[in-house]
Each structure stands twice: as C-alpha cells, then as structure tokens.
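K.L.:
Encoded as structure tokens, here's the structure I'll be asking about.
Each reported figure results from applying straightforward, stated rules to the coordinates on display, with no laboratory input. Just so you know, these numbers come straight off a predicted model, no measurement behind them. Neighbour counts are summed over all protein chains in view; Cβ atoms, including those assigned to glycine, are modelled from backbone coordinates with ideal geometry.
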Amino acid sequence: MKLILASSGLANEEIITNLEEMTGKSRDKINVAVINEAIKAEAGDMRWFTEELENLAHVIGGNVEFIDLQAHDLEYIKSRIEPTDMIFCFGGNTDYLANVFMKTRFDKILPEILAEKVWVGSSAGSCVMCHKEADEIQKSVYKEKRTAEHFMNFVPIIFLPHLHGCYKFDKPEVIKASEFTNLPVFAISDDSALKIIDNEPPVILGNDYIVAQNGKIIKEHK
C-alpha cells in the first residue's frame, strides 16, 4: 500500500518527487485514474476543483482518465484502472464519498487496487482512507452533518485537511479532535501531505502541520 494523503493535491515539488519515487516513473510518464465522486455533494464556487485539475494536468504527463464509480460495474472499473500508475481522488464531501465507495462496492476491490497502485488523495480523497473524525469536529470545523458511519479505515489515523486554510482552524481544534479518539490526529495544511508505505509510520511532506493524540500536541511545525 502506497499512499500520499494531501490536503490540496500535488501542491509542491516535494510531494511530486515522492510520487515519482513511489510509482517508479518520472512525472511525464505517469498515467492517472481520477475519481471525483466527492464533488457531487458540494455546492458553491467550484473554482478550487478546476484549479486543482489544471495543476494535475500540468504536473502529470501521461494519460489523465476519469473513472465514474456510479456508472459502471466493478470489472469495468478494474479494467480502466489496470493500465494506470496512480489514482487521484479529489476532495469534496467525505461522507458522500465513503457512501459511494460502499454502495458501489468499490470498497471491496480497494485492497486489491492499493496493492498495485499509488493512491493520491486530496482533502476528502485523503480523509476517506483513514478513520472518521468525531461528529463534533465534523460540525464545528467542516460545517458538515454526519451521513456515513465510517470511512475506509485503511490508515489508523484521523486526517484533518486545510489546517490554517479555508476552514481557519488551528491548535485548539486539533487538540479537541484528539480527545475523542485514541488514534493520532494529523492536521495538514494545503502545502503539506503524508506519505504512507505499507505499515510504516507516516512521513510528513511539507512544513505546516500539527499532530495530536489523547489531548496533547506531539509534533508541530509552522
């Protein structure tokens, strides 16, 4: 399992360089399958999506294909993903994304896919691979209501994207989030990401983050 859990996609050179190492290909030869289900539950100005898509197309030189999980069966989806090197999962509403994974049974083939492909998440696309944050944090920080019982739970952490960003949360909210769980809470800025390979501890890419556990800050940098 090779994951890059980003707050805002391929945001800096360090993230891109690590992606090259994880895929074993230079960026101009990487082929990507894009999952953008999470934006279907979002409203308002979607310029962030077009900007992030433009950046993805600028960085990645291989094929950029979109996979609609709700339009096709699993065998077709697997056949579309098979020739790619990475999956890029856009942000949006994480609960909606998790429910799509489960309703389409994409969650059942994800372990097989993650054994072969690099997963790059952006915001919700990262959160969904981890454990779900507490309802109180979902409401107070992200202004969303709970509609999914759980996320994929592949990575034993809570992932909070957009630290110091559009939701304007900081250390107090991260500490509070860590009081609802025994898992470590990683709050990551839009310029940072986590690199995860198999069962190794997460490696932080970038310089703006807070890590908390059981109500205490255990690591931070800004």
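K.L.:
Setting aside same-chain residues fewer than 8 positions from LYS78, which aspartates and glutamates have a Cα under 18 Å from its Cα?
P.N.:
Result set, ordered by chain and number: GLU37, GLU65, ASP68, ASP107, GLU112, GLU116.
K.L.:
Could I ask something else about it? Taking the dipole about the Cα centre of the chain, with the C-beta of Lys and Arg at +1 and of Asp and Glu at -1, give me whichever of SER140, ILE197, ASN93 is farthest to the positive side.
P.N.:
Towards the positive end, the residue furthest out is SER140.
K.L.:
List the pairs from LYS171/LYS195; LYS40/LYS145; LYS40/LYS103; LYS132/LYS195; LYS2/LYS143 whose alpha-carbon separation is above 25 Å, in the order I gave them. All intermediate terms of the calculation are to be shown ahead of the outcome.
P.N.:
Numbers: LYS171/LYS195 22 Å; LYS40/LYS145 16 Å; LYS40/LYS103 15 Å; LYS132/LYS195 19 Å; LYS2/LYS143 30 Å.
Cα-Cα > 25 Å for LYS2/LYS143; rest within.
K.L.:
Quote to one decimal, in nm, the extra length available between TYR76 and VAL64 on full extension: 0.36 nm per residue of separation minus the C-alpha distance between them. Show your work: numbers first, answer last.
P.N.:
Values: separation 12, 0.36 × 12 = 4.32 nm, distance 1.70 nm.
Between TYR76 and VAL64, full extension yields 2.6 nm more.
K.L.:
If you take the square roots of the eigenvalues of the alpha-carbon gyration tensor of the chain and sort them as a ≥ b ≥ c, do you get rounded (a/c under 1.5), prolate (a/b over b/c) or oblate? List each step's numbers first, then the result.
P.N.:
Values: a/c = 1.56, a/b = 1.32, b/c = 1.18.
Because a/c hits 1.5 or more and a/b exceeds b/c, the chain counts as prolate.
K.L.:
Need one number: nm distance between label points at LYS145 and ARG47, each 7 Å from Cα along Cα→Cβ, rounded to one decimal.
P.N.:
Placing both labels 7 Å beyond Cα along the Cβ direction yields 3.0 nm.
K.L.:
Mind listing the phi-derived Karplus ³J(HN,Hα) values for segment 77-90, rounded to whole Hz, using 6.51, -1.76 and 1.60 with θ = phi - 60°, and x for any glycine or proline?
P.N.:
Rounded to whole hertz, the list is 4, 4, 5, 6, 7, 3, x, 8, 9, 8, 10, 10, 10, 6.
K.L.:
Hey, can you rank 12-19, 115-122, 198-205 by average C-beta count inside 10 Å, highest first?
P.N.:
Working: 12-19: 17.2, 115-122: 22.0, 198-205: 13.6.
Those peptides, ordered most packed to least, come out 115-122, 12-19, 198-205.
K.L.:
I would also like to ask the following. Provide the per-residue ³J(HN,Hα) series for segment 173-184, in order, calculated from phi with Karplus coefficients 6.51, -1.76, 1.60 and θ = phi - 60°, each as a whole number of Hz, with x at glycine and proline positions.
P.N.:
5, 5, 4, 4, 4, 6, 7, 9, 8, 8, 7, x
K.L.:
Local charge sum around PHE88 (other residues, Cβ-Cβ under 11 Å, Lys/Arg +1, Asp/Glu -1)?
P.N.:
The answer is -2.
K.L.:
Something else about it: So if I place +1 on the C-beta of Lys and Arg and -1 on the C-beta of Asp and Glu, and nothing else carries charge, what would the dipole magnitude of the chain be about its Cα centre? I want it in debye, nearest 20.
P.N.:
Numbers: 24 positive and 35 negative charges, 91 e Å.
Value, rounded to 20: 440 debye.
K.L.:
At what distance in angstrom do the alpha carbon centres of segment 43-83 and segment 190-217 lie from each other?
P.N.:
25
K.L.:
Note the per residue figure in Å³ for the convex hull of the C-alpha positions in segment 126-188.
P.N.:
Details: hull volume 4.8 nm³, N = 63.
Expressed per residue, the convex hull around the Cα atoms of segment 126-188 is 77 Å³.
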